[in-house]
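The values are calculated or read from the model by the stated rules, or taken from the named source; none is laboratory data. Treat the numbers as computed from the prediction; the structure is a model and nothing was measured. Backbone-built Cβ (ideal geometry, glycine too); neighbour counts: all protein chains shown. The area values use the complete protein model at the heavy-atom level, side chains included, leaving out ligands, DNA and RNA. Shrake-Rupley method; radii C 1.70, N 1.55, O 1.52, S 1.80 Å.
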Amino acid sequence: MFLRRAERKVEHSILNLYPALYVPSPDEKVYFFLHSDGSHVLQKSGQPKCIILSDSELPDYLYKHHLRLTTKSSIVR
């Protein structure tokens, strides 16, 4: 499984869903979980699974969960 950062427009809309409950810091980003073929990992609701991580949290999260950060071009579809 891989993580890929959401496009800025998508990231902004996701972060704006929780303004009353959760105020993100400027260094937090939204990352989508992807299968090895580049398709999104889906939650039971059918929505793409994602996580919000700060720049400082990302390396440790990737290491602990044996994930890699990828770009669109690095996964063969």
Let me confirm the definition first: pairs of Lys residues in the chain, 8 or more apart or on different chains, C-alpha distance under 22 Å. How many are there? 8
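Considering only the other residues whose Cβ falls under 13 Å of the Cβ of Leu67, what net charge follows from Lys and Arg at +1 and Asp and Glu at -1?
+3
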Please report, in Å, the Rg and the Dmax of the chain, where both are computed over Cα atoms only. 12.7, 39
Debye, to nearest 20: dipole size of the chain, +1 on Lys, Arg Cβ, -1 on Asp, Glu Cβ: 340 debye
How many percent of the accessible area of segment 1-68 is carbon or sulfur, using a 1.4 Å probe? 58 percent
Counting heavy atoms of the protein chains only and a 1.4 Å probe, report the per residue accessible area for the chain as a whole number of Å². 73 Å²
Among DSSP beta bridges lying fully in the chain, give the percent that are antiparallel, nearest 5. 85 percent
